Amino acid sequence: MSHAADAVKFPSYRVAAVQMAPEIGAKEANIKKSLLKIQEAAAAGAVLIVLPELCNSGYVFNSREEAFALSESVPDGPTVTAWADAAQRLGVHVAAGICERAGACLYNAAVLVGPEGYIGTFRKVHLWGEGKMPLTSSAPIVAARSATSLLSGRASLWGRRAGRWPDRPPAAQKKSFMRR
């Protein structure tokens, strides 16, 4: 008897990990470039498209004023709105990094949008070069809506340094997204 016959069949999906070099301070150009990359990935069959960290603003800020000028509120800012519109039009999910403004605080955040619109946000807890960039570390992850509509299971957003710390990634905590 073959074990292959007993194997669980999981659906397969095409995921696009997008490489792009955002130009620091050129927010409109970066948004346009990201929308083109989303379109290209969707045309190639991707159903989950992952854009880089802080891809709408560039990664390094010279000052808090520069970061504040390039930041925006989530989910109603122009970048997330544009990504959500593209995801709805193309029937895909997009995970992407953004400089989020919430009151006087600035966060290195990742958002998830899909065919249903805005799904959720993860604010980076462990920042690179803490104190060198004018960003705020997030509070511990709070429970929020599960992304069950994402393909055929749960998903979680977390930053690349999150795996280096003893506090587990959100999926391991069964807390996926901050939902506003």
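Counting the residues of the range 9-48 that are surrounded by 18 or more Cβ atoms within 10 Å (Cβ to Cβ) and either free of Cβ contacts under 8 Å to residues at least 60 places away in the same chain or out of contact with any Cys (no Cβ under 9 Å at 6 or more places or on another chain) (or both) gives 14. Restricting the search to the range 49-91, which residues are closer than 13 Å to Gly114 by Cα, out of contact with any Leu (no Cβ under 7 Å at 6 or more places or on another chain) and buried (at least 18 other Cβ atoms within 10 Å of the Cβ)? Within the range 49-91, Ile49, Val50, Pro75, Val80, Trp83, Ala84, Ala87, Leu90 meet the criteria. Looking across the range 90-103, just one residue is at positive phi and at pLDDT 95 or above, and that is Gly91.
Looking only at residues of the range 49-64 that are in contact (Cβ under 8 Å) with a residue 60 or more places away in the chain and in a loop (DSSP other than H, G, I, E, B), we find that the one that is farthest from Lys124 (Cα to Cα) is Ser63. The residue of the range 7-18 that is farthest from the chain's Cα centre (by Cα), among those that are among the small types (Gly, Ala, Ser) and assigned to a loop (DSSP other than H, G, I, E, B), is Ala7. Count of the range 40-77 residues, restricted to those that are under 19 Å from Val94 (Cα atoms) and of a type in the set (A, V, I, L, M, F, W, C), is 13. Of the residues making up the range 33-75, not one is under 14 Å from the mean Cα position of the chain (by Cα) and among the basic types (Lys, Arg).
Scanning for something modelled with pLDDT under 90, under 22 Å from Phe122 (Cα atoms) and assigned to a loop (DSSP other than H, G, I, E, B), does the range 73-89 turn up at least one residue? Scanning the range 73-89, I find no residue that is modelled with pLDDT under 90, under 22 Å from Phe122 (Cα atoms) and assigned to a loop (DSSP other than H, G, I, E, B), so the answer is no.
All of Ala67, Ala42, Ala21 fail the test of being part of a helix (DSSP H, G or I) and modelled with pLDDT under 95, apart from Ala67.
The values are calculated or read from the model by the stated rules, or taken from the named source; none is laboratory data. No experiment lies behind these values; they were computed from the predicted model shown. So basically every Cβ, Gly included, is an ideal-geometry build from the backbone, and we count neighbours across all protein chains shown.
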